[in-house]
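I have placed the structure first, in the form of structure tokens, so that the comments after it can refer back to it.
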Amino acid sequence: QVQLVEFGGGLVQPGGSLRLSCAASGSIFSSYEMAWYRQAPGKQRELVAFISSGELTNYADSVQDRFTISRDNAKNTVYLQMNNLKHEDTDVYYCNAKKYGIPYWGQGTHVTVSS
């Protein structure tokens with residue numbers, strides 16, 4: 001099993017930047033596929049960015065060229081650098097780990113983009 005804790009959410013103006021962090025514990029972090037999802041009230045959780053154990057990445061079209069996912073296996077941490085934030089990026093962001101098809105979730109961190 002793995003436990004996940006997210007950090008770094010908050011209030012930011014449109015066009016601003018935030019970096020989310022997700023600290024993992026309890027298992028061999030480097031062997032997990034990691035991802036960031038987001039969810040607005042009343043909507044389905046959607047994939048934002050994905051990074052494999054081999055550091056291949058994939059992004060939702062809506063965040064391509066603005067967000068960057070990365071991982072530091074030595075620190076058991078995955079990051080989401082979010083640039084040029086827009087109102088529509090306002091959501092609760094969740095860290096996800098997966099191995100052998102079993103998903104694990106963090107508690108979520110709020111990101112609010114507002115002037």
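Values as computed for the structure displayed
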{"item": "Identity of the residue in the stretch 82-115, open to solvent by 70 Å² or more (accessible area, probe 1.4 Å) and assigned to a strand (DSSP E or B), that ends up farthest from PHE29 (Cα to Cα)", "result": "HIS110"}
{"item": "Near pairs, Cβ below 6 angstrom, 6+ apart or cross-chain, from the stretch 32-56 (touching a residue at least 12 places away in the same chain (Cβ under 8 Å) and within 16 Å of ASN73 (Cβ to Cβ)) to any residue that is of a type in the set (Lys, Arg) and assigned to a loop (DSSP other than H, G, I, E, B)", "result": "none"}
{"item": "Subset of the stretch 33-77 that is outside any strand (DSSP E or B) and closer than 18 Å to LYS99 by Cα - its residue that is most open to solvent (accessible area, probe 1.4 Å)", "result": "LEU56"}
{"item": "Among residues of the stretch 1-17, those that are assigned to a strand (DSSP E or B) and open to solvent by 30 Å² or more (accessible area, probe 1.4 Å), counted", "result": "4"}
{"item": "Sole residue being in contact with a Phe, Trp or Tyr (Cβ under 7 Å, 6 or more places away or on another chain) and closer than 19 Å to THR112 by Cβ, chosen from VAL2, VAL48", "result": "VAL48"}
{"item": "Candidate set: the stretch 18-28, residues that are touching a residue at least 24 places away in the same chain (Cβ under 8 Å) and more than 15 Å from TRP105 (Cβ to Cβ); chosen: the one surrounded by the most Cβ atoms within 10 Å (Cβ to Cβ)", "result": "LEU18"}
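The values are calculated or read from the model by the stated rules, or taken from the named source; none is laboratory data. Everything numeric here is computed off the predicted structure, so don't read it as measured data. So basically every Cβ, Gly included, is an ideal-geometry build from the backbone, and we count neighbours across all protein chains shown. Calculation scope for accessible area: heavy atoms of the full protein, side chains included, ligands and nucleic acids excluded. Shrake-Rupley method; radii C 1.70, N 1.55, O 1.52, S 1.80 Å.
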